[in-house]
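Single-structure report; data block below.
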2 protein chains.
Amino acid sequence: MKFHQYIHDLPTYEVGKPLELVMREYGIQPDRIIKLGSNENPLGVSPSAKQVLMESASLASIYPDDSYHELKNSLSDLYGIQPSNIIIGSGSDQIIEFCVHAICDNTTKILMAKTTFAMYEIYAKHFGAKVIRTKDFLHNLDSMLSLYKKHKPSMIFLCTPNNPLGEALPKKEVMDFITQIDKECCIVLDCAYMEYCRYKNEEYAIYPKDIINFPNVIYLGTFSKIYGLGGMRIGYGIAHEKTISMLHKLRPPFNITTLSLKAATASLKDKDFLEQTLANNFTEMQRYISFAKQKSLQILESYANFITFLLHNKLNSTKIGILLLQEGIVVRNLESYGLNALRITIGTPEQNQIVLEKLSTIIEK
Amino acid sequence: MKFHQYIHDLPTYEVGKPLELVMREYGIQPDRIIKLGSNENPLGVSPSAKQVLMESASLASIYPDDSYHELKNSLSDLYGIQPSNIIIGSGSDQIIEFCVHAICDNTTKILMAKTTFAMYEIYAKHFGAKVIRTKDFLHNLDSMLSLYKKHKPSMIFLCTPNNPLGEALPKKEVMDFITQIDKECCIVLDCAYMEYCRYKNEEYAIYPKDIINFPNVIYLGTFSKIYGLGGMRIGYGIAHEKTISMLHKLRPPFNITTLSLKAATASLKDKDFLEQTLANNFTEMQRYISFAKQKSLQILESYANFITFLLHNKLNSTKIGILLLQEGIVVRNLESYGLNALRITIGTPEQNQIVLEKLSTIIEK
């Protein structure tokens, strides 16, 4: 059986052990695990979404309404756009896949920041496209622009706020950048963490409406972060209706579960939960900032729901990651991004208290 | 922005109205709709799965365990295979996509029966592959074999039992066919309805174990039909571990919701529910068979959870479909398959009673 060469070249999937089994080996019970490695909402599922999920269990046998009518209407109201500007994906990941699939192949290039969301490169490789990265550590639109002019990529990914580093781009700079890119090149604005950024600083706030008249720009949002539905795999893309119409050609029917649609619609309306999430995030982030100052550790300014520690030579992110794991604490070691750094999701006050205590003990050893 | 030509050539997605809105226009309340158009389990969600879903609502914020450890172990036990022989997809549809993506492009051909599951062709077109179909109405392996020899396709789809016609292939014929196909060609055995077929006739029963030593054959199963989880988007592919390893390279992380995994694992173990589903299906199918005989209507022998009526010239499937819809009954009009035929999911006794009464009135008008 002949698989495409670029499929052969993809890394082999290593089946990991479930987290709960790993923890059990360390003698840690499931209810004691502190999971701050995946930027999930530490307050959990919104009460409204949880109630809807429980009430909807008997709908699990029924295929979803494939028009996604209710959710698209709710998103339209939220953002002041039309349902025809929206495509719903199994996480915003799936919209990334649709974009790469629709535009790229092994003759095209994709431009992105040096250190950014890992799935951009993975999807690029799924279609054989070549990845070009800036040399700068953080997003740098000047470098992007000069690489754009040099390589003429078919697609550019901007992630603001950026995962896994947390920096964001001022709206004015993003809009200037967009106008300097040819309409032939697709710009994907990944705004998975934008709700946190808007709360922190209005100058960095980008809304779908800002980009909707550019035929080549796609705004991505997700229900996995502030909306507390990481486990339900649902996100969205917003763009000019002609662009959305093209991406829809690649959307398989029923790409979202019936329960995810119900939960997402409910979570959009739970304003109290969103407020609590934001307030907790930035109040608690201050504790990490104070801790870093006190211990002379370098952190990056974060516009998202996590904080990234850049470690100095005496501290090793992999070793610290394992030591924390043995205490039942999961954080993200950024070694796979080529960094001696740890990304920690801002947790609840109780979780952060424990994390900072353990981290303090580990680094002072 | 330059989209691939084969994306342009795909049909534009027409946003339909949600079923409940259509029905409301006909004056029919949501709880009175009889939904027998999508081969969902008419008994609904299994009680075990429903309980697990309700208990798991607060896990909706947590990404799934991406190893799918628990579900793979349960499937391994059921089929006497290894977890390394299994890949989990967002419906078995997603496994079809992985296969086409890994093997096909605009230089390759895919062979399938004249009238079979619509998604095979849709995914073929997503990757620009050419579709070749047999001329025979039902699956005919002799025709398949001669077309295989003539066109040398990279992939063959067999759907047994076949959606939307209901016929199945004897195991012996399938195994003979497989041995006559070169190992360079991938054979996808879509067994979404196989549980019904095994119950009806052991000679038509195919198990994953039967094909697992052929490196080029992939068995597809789903939780959408007998397991009553159509709304949770979960299915699986089973094959030689080398083949599964290649397909895994294309699986995005977290392609299944946390709740779907829990529900699928629970539904596998609810043997009473499966027995009830099978008994209801074949007892109730008899009523459709008797009805057809009584009204001199042609039906196809079905090995699945639906029955297909081939209508004669005086009856029009589109008209009948609309008249049933106005009564709150949804069935599948097969006009889009080029047939004057209706596919009706076998419902509960109460549902079938109403459907047969209404159908009787309509055809006698």
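Bear in mind that the values in this text are calculations on the coordinates, not laboratory data. Owing to the predicted nature of the structure, the values given are computational and were not obtained by experimental measurement. Methodologically, a virtual Cβ is constructed for each residue, glycine included, from the backbone with ideal geometry; neighbour enumeration extends over all protein chains shown.
State, in angstrom, two size descriptors of the stretch A:120-191 derived from its alpha carbons: Rg to one decimal place and Dmax to the nearest whole number.
11.9, 33
Can you work out the FRET efficiency for the pair B:GLU173 and B:ILE289, with r the C-beta to C-beta distance and R0 = 25 Å, to the nearest 0.05?
Values: r = 24 Å, r/R0 = 0.98.
Efficiency computed from Cβ-Cβ geometry: 0.55.
If I build a Gaussian network model for chain A, linking alpha-carbon pairs within less than 10 angstrom, which residue out of A:LEU339, A:LEU165, A:LEU36 has the largest mean-square fluctuation?
Evaluated over chain A, the most mobile residue of the options is A:LEU339.
Over all Cα pairs of chain B, how is the pair count split among 20 Å bins, expressed in % and running from 0 up to the last occupied bin?
Final binned percentages: 28, 59, 13.
If you take the Cα atoms of the protein assembly as shown, find Rg, then find the Kirkwood Rh from the mean of 1/r over all pairs, what is Rg/Rh? Write down the numbers at each step before the final one.
Numbers: Rg = 26.3 Å, Rh = 27.0 Å.
Ratio of gyration radius to Kirkwood radius: 0.97.
Tell me the GluC sites (Glu not before Pro) within the stretch A:271-328 that lie in a loop according to DSSP and have at most 16 other beta-carbon atoms within 10 Å.
Values: sites: A:GLU275, A:GLU284, A:GLU301, A:GLU327; in loops: A:GLU301, A:GLU327.
Those that pass, being in a loop and sparsely packed, are A:GLU301.
Using a Gaussian network for chain A with springs between C-alpha atoms less than 10 Å apart, which of these wobbles most: A:PHE282, A:PHE291, A:PHE306?
Highest fluctuation among the options: A:PHE291.
Can you give the net charge of the other residues whose Cβ lies under 11 Å from the Cβ of B:ILE363, counting K and R as +1 and D and E as -1? Mind showing how you got there, number by number?
Details: positive: B:LYS295, B:LYS314, B:LYS319, B:LYS358, B:LYS365; negative: B:GLU364.
Every neighbour counted, the sum reads +4.
Given label points at 7 Å from Cα along Cα→Cβ, what nm distances, shortest first, separate A:ILE322 from the same residue in every other copy?
From this label point to the equivalent ones elsewhere in the assembly: 7.0 nm.
When the Karplus curve 6.51 cos²θ - 1.76 cosθ + 1.60 is applied with θ = phi - 60°, which whole-Hz ³J(HN,Hα) does each residue of the stretch A:177-182 get, with x for Gly and Pro?
4, 4, 5, 8, 9, 4
Taking only C-alpha pairs under 8 Å that are 6+ residues apart, what is the relative contact order of chain B in percent?
Numbers: 651 pairs, mean separation 84.9, N = 365.
Relative CO of chain B lands at 23 percent.
Given springs between every Cα pair under 10 Å in a Gaussian network model of chain B, which of B:TYR288, B:TYR303, B:TYR13 has the largest fluctuation?
Taking springs between Cα atoms under 10 Å, the residue moving most is B:TYR13.
Go through the stretch B:149-164 residue by residue and turn each phi into a ³J(HN,Hα) via Karplus (6.51, -1.76, 1.60, θ = phi - 60°); whole Hz please, and just put x for glycine and proline.
So the Karplus estimates, Gly and Pro as x, are 5, 6, 9, 6, x, 7, 8, 10, 9, 10, 10, 9, x, 8, 9, x Hz.
Ranked by Cβ crowding within 10 angstrom, fewest neighbours first, how are A:TYR219, A:TYR204, B:TYR68 ordered? Don't skip to the answer; put the middle values down first.
Working: A:TYR219 28, A:TYR204 20, B:TYR68 24.
Ascending number of Cβ neighbours within 10 Å: A:TYR204, B:TYR68, A:TYR219.
At what distance in angstrom do the alpha carbon centres of the stretch B:58-83 and the stretch A:1-50 lie from each other?
One Cα centre to the other: 12 Å.
For peptide B:351-359, what's the mean number of Cβ atoms from other chains within 10 Å of each residue's Cβ? Display every interim value, and only then the final one.
Numbers: counts 0, 0, 0, 0, 0, 0, 0, 0, 0.
The mean count of partner-chain Cβ atoms within 10 Å per residue comes to 0.
Would you mind ranking B:THR258, B:THR318 so that the residue whose beta carbon has the fewest other beta carbons within 10 Å leads the list?
Numbers: B:THR258 21, B:THR318 13.
By the 10 Å Cβ count, ascending: B:THR318, B:THR258.
State to the nearest 20 debye the size of the charge dipole of the protein assembly as shown about its Cα centre, where the only charges are +1 on K and R beta carbons and -1 on D and E beta carbons. Intermediate values should be presented prior to the final figure.
On the way: 78 positive and 76 negative charges, 255 e Å.
Once rounded to the nearest 20, the dipole reads 1220 debye.
Out of the GluC sites (Glu not before Pro) in the stretch A:149-225, which ones are loop residues according to DSSP with at most 11 other C-beta atoms within 10 Å? It would help to have the intermediate numbers written out before the result.
On the way: sites: A:GLU167, A:GLU173, A:GLU184, A:GLU195, A:GLU202, A:GLU203; in loops: A:GLU167, A:GLU184.
When the GluC sites (Glu not before Pro) of the stretch A:149-225 are filtered for loop state and at most 11 Cβ neighbours within 10 Å, A:GLU184 remain.
Please give the Cα centre distance for the stretch A:318-332 versus the stretch A:221-279, rounded to the nearest Å.
About 31 Å separates the Cα centre of the stretch A:318-332 from the one of the stretch A:221-279.
What ranking of A:CYS185, B:CYS159 emerges when the number of other C-beta atoms within 10 Å of each C-beta is taken as an exposure proxy, fewest first? Intermediate results must be reported in sequence, preceding the final value.
On the way: A:CYS185 19, B:CYS159 26.
Ordered by Cβ neighbours within 10 Å, fewest first: A:CYS185, B:CYS159.
Long-range amide H contacts for B:THR108: which residues qualify at under 5 Å (H placed 1.01 Å from N, peptide plane, sequence gap of 5 or more or a different chain)?
Amide H neighbours of B:THR108, under 5 Å, 5+ apart: B:LYS130.
Kindly write out, for the stretch A:72-87 in residue order, the coupling ³J(HN,Hα) from the Karplus curve 6.51 cos²θ - 1.76 cosθ + 1.60 (θ = phi - 60°), rounded to whole Hz, with x marking Gly and Pro.
Whole-Hz 3J(HN,Hα) from phi for the stretch A:72-87: 4, 4, 5, 5, 4, 5, 4, 9, x, 10, 9, x, 6, 8, 10, 10.
Among DSSP beta bridges whose residues both lie in the protein assembly as shown, state the antiparallel percentage, nearest 5.
Details: 34 of 68 bridges.
Bridges in the protein assembly as shown are about 50 percent antiparallel.
Along the charge dipole of the protein assembly as shown, Cβ charges K/R +1 and D/E -1, which of B:ILE206, A:HIS248, A:THR361 sits furthest on the positive end?
Towards the positive end, the residue furthest out is A:HIS248.
Kindly work out what percent of the DSSP beta bridges joining two residues of chain B are antiparallel, to the nearest 5. List each step's numbers first, then the result.
Details: 17 of 34 bridges.
Here the antiparallel bridges make up roughly 50 percent for chain B.
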